[in-house]
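First the structure, in the form of structure tokens, and then the observations on it.
What follows is calculated from the coordinates using simple rules that are stated; it is not laboratory data. Note that the structure is predicted; figures quoted are calculated from it, not measured. Note: ideal-geometry Cβ built from the backbone for every residue, glycine included; neighbour counts use all protein chains shown.
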Amino acid sequence: MASTFLDQNALIALGRKARQPEFRKKLDYALDSKTLNVVTSSWHLIETANTTDLIKALELADFIDSLKPSWLLERRDVQMLDTEEDLLRYLKLEVPVRPRVTTRSAVFAALNRQTDSAKFDIPSRDFVRQWIEHPEQLKVLDKVYANSAVVLARLRKLKKEGKLTEEIRHRVDLLLIRGLLPKATPAGLTIGHETTMGYLQQARVENIPSLAIESAISEHEWACSGGEDRNTLIDKFHLISAMCHVDEIVSDDALFRRLHPVAQKTGHVKASLSSNAKFLSRF
């Protein structure tokens, strides 16, 4: 069943168009017949809450829920599962693949590092309202943006000075992979130090889909000038998470179109890229 990930602007454009009764009827038919399977993420709600206009934000949150979407795990959670899967291959353990696209409650439970339960199965408008009324709850994201911008600036500087050697890159890659490794298998078996070190000796970012894509995108960005604003970083988070786990991304964003072919070179990209106009013309 093909899945379609809409970026924030594509989602807003679809919402505006869906105010037309005839268009909404066609959209509902596509959703009910499963010819359209929308995928959203926690970032869509975070972006929806990035306003002081509560009425419009809640309207968009309700529209998102009306699409009956599946939900993509947050970038870090996707990378943890991708890394776990690579480790299990190394251990030659056949374990059912854990989905990266799942339910809203499972996504928010994962964000809170808790087991999925009824307390996370609440309407999107409740998350959005809470964040608008308590913006301090999202301040941690500002730190993420700031840290990412600083790291990118440093890497660009090292690259320009010829100090970003293969040895340094490999060392950083292993630190990243190690930080994503589980402490136990899905069956609950503890993964010991010797096993971990054996895995790391042969581990390669190139074999882990979301990490391979992030690495390719980052290397491309090191060669570019300019800063990383908030929207650019959010778009990048979307790209890294979505490209290897959905079938289609709908966006007119120049960043998507610039980085999509870069990511395709990794061999892990599953998603094709469509424009807003092309997507809307289907209904």
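Summary table
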{"quantity": "Neighbour-count ranking [beta-carbon atoms within 10 angstrom, fewest first] of THR52, THR196", "calculated": "THR52, THR196"}
{"quantity": "Per-peptide average of other Cβ atoms within 10 Å, ordering 69-76, 1-8 highest first", "calculated": "69-76, 1-8"}
{"quantity": "Cross-link table LYS34/LYS119; LYS236/LYS265; LYS25/LYS68; LYS26/LYS68; LYS119/LYS183, entries beyond 19 Å C-alpha to C-alpha", "calculated": "LYS34/LYS119; LYS119/LYS183"}
{"quantity": "Cβ-based exposure ranking for ILE132, ILE208, ILE55, in which fewest neighbours within 10 Å come first", "calculated": "ILE55, ILE132, ILE208"}
{"quantity": "Fewest-first sequence of TYR199, TYR29, TYR90 by Cβ atoms within 10 Å of each Cβ", "calculated": "TYR29, TYR90, TYR199"}
{"quantity": "Residues with amide H under 5 Å from that of SER272, placed H, sequence gap 5 or more", "calculated": "GLU248, ILE249"}
